Amino acid sequence: MSTALPFLTLPDPLVTGEGALDPLGLAMISDRLADEILPGLRARMSRPRFLSAMAVSAAVCENLEDRLAADGITPAFLVFEWLVVEAFVRAGSRDETRGTPGTLKAQEVCNSRDVLSHRTYLKVPNVFGFHGVYKPLARDLGIVDDNMQLGDRGYELLKVWQAERQLDGFLESALASGEGRQARQMLRSAVEDGLAAGFTRRSGSWQGWAFLAEHLSPANIGEKEAACLARFFQDPEREPRGEMFRLLQKVCDEVDLSEDQIVSASVLRKCSRDLADRLNAIVAYESVCGILEEAFDWIRFLSTHSRERPIDAGTFAEEVRSASLARDLAGRLGAAEQALAVSSLNVQQKFAQLAKTFAGVRDATDLFETVLTRHDVVQKAKPPEGKRPWFERSPDGATFVRVPYRLAERPSTTHGWNRPYRIHSVLSFLRDLRDAYGAA
């Protein structure tokens, strides 16, 4: 029986018909810009140890890549993931397993004495489980390939892990002996049985639970394993990601600073010209986003406080701040277009489309109508069949914000970065690595 308490993890996102995220469709460009400074990283990443867990998974599931479980859906690596997450709940500590996707689900399953399976685990495990979250980076680093097979760097990482955990034989041939070989056979058998049954077919007394919690918990990285991962991240052949990791080492405890504050205070002053150009492209793009989002929020705010009466473009234009937003927009668009010249052609094309949408804005009335039109277009294009706008509008332009999207407080005129650029993920990685091998 597990004594571990429930704890917060990466969520299993709710399915919603509202489309409450990214109401102006600004995230796609920011994702591409983030790729240009930190390829492979994602904002949901926080614990580098999952890269080691994926390498272990690839070794255990070797030659099982084409098999599916009895449910006809689940591949071998997800069966291994079931085992790992259940092990963390059964035998892991709260602190050592913090940040593991799916543990709330696993805790519920264990409490109800059910089994982990496609039915009881995450709704979209290929996206929200730890394999799904960390695969882009594991693939980019060469730890696994697209089919979750072990890559050259995955083999290198496992050799370090095997030696440091005193698991001789884990990676060796069938003729090898040692605790590692026995452990691999134990895990392989559990995966094969899970495939055959379609669920984690192991009792609460299985020794594999303790093994997985001891050797793969996110906070339990060995010193040499951490050094190996740090070397991968800081690889000078993978700039500018390597440079970002090196520059951020000395500020990894700045958890209270926003990403834009960290960049302006600690990165732009010391980085190479190439990285500075890429970061300044982000600064310029977010400057445009800040104007558009503030205008959008003023519409929400004015509608919220209109005493249940609709507002229109005239109401928006009467607000002093609206005129300055409309006046500043053209200059910000032009500056961003120049700054984004260092970015990929794809980014430049997408920004050109955005700029074209707002090119005709001359005053606050234009800004009101163009922002709302942009919002309607973005919402209608969201999969699978479009989402509802945040506003109700009549043919004559009368507008009121729907209740879930009312805004009680006046919008801020200070614009930071409202989209993640993965810098906090790097800092979280660096804190884990520093705790393991003491490098600051």
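Taking label points 7 Å from Cα along the Cα-to-Cβ direction, Val377 and Asn147 give a separation of 4.3 nm.
Could you tell me which residue out of Gln261, Phe211, Cys228 lies farthest along the dipole of region 157-315 toward its positive end? Charges go on the beta carbon: Lys and Arg +1, Asp and Glu -1, centred on the Cα centre. Of Gln261, Phe211, Cys228, it is Phe211.
Sequence-distant contacts, meaning Cα pairs under 8 Å at least 6 residues apart, place the relative contact order of the chain at 23 percent. Where only DSSP H runs of four or more residues are counted, the chain gives -16500 deg cm²/dmol as its mean residue ellipticity at 222 nm, each run worth -39500 (n - 2.57). With a Förster radius of 60 Å applied to the C-beta separation of Ala197 and Thr414, the computed FRET efficiency comes to 0.60.
Once both labels are positioned 7 Å from their Cα atoms along Cα-to-Cβ, the gap between Glu18 and Ala323 label points is 3.6 nm. The charge dipole of the chain, taken about its Cα centre with unit charges on the Cβ atoms of Lys, Arg (+1), Asp and Glu (-1) only, comes to about 340 debye. With contacts taken as Cα pairs under 8 Å at a separation of at least 6 residues, region 273-405 carries a relative contact order of 32 percent. Here the extension length gained between Glu65 and Asp140 equals 25.1 nm, from 0.36 nm per residue of separation less the Cα-Cα distance. Each residue, Asp274 and Lys250, gets one label point 7 Å from its Cα in the Cβ direction; the gap between the two is 2.2 nm. With Rh defined as the Kirkwood radius, the inverse of the mean 1/r over Cα pairs, the Rg/Rh of region 228-374 is 1.10. For Ser264 and Ser306, a Förster radius of 60 Å and the Cβ-Cβ distance give a FRET efficiency of 0.95, rounded to the nearest 0.05. Summarise the long-distance tail of P(r) for the chain by giving the % of C-alpha pairs beyond 27 Å. Within the chain, distances greater than 27 Å cover 59 percent of Cα pairs. With coordinates expressed along the principal axes, the C-alpha atoms belonging to region 325-394 extend over 39, 32, 14 Å, beginning with the largest. Hey, quick one: spin label on Met28, modelled 7 Å out along Cα-Cβ, who in region 379-405 has an amide N within reach, i.e. under 11 Å? So the set is 381-383. I want the local charge near Ala210. Using Cβ-Cβ distances under 14 Å, sum +1 for each Lys or Arg and -1 for each Asp or Glu among the other residues. Result for the neighbourhood of Ala210: -1.
Taken together, the values in this text are just the output of simple stated rules run on the coordinates, not laboratory data. From a predicted model like this one, the values you see are computed outputs, not experimental measurements. Note that we place each Cβ from the backbone using ideal geometry, even for glycine, and neighbour counts take in every protein chain shown.
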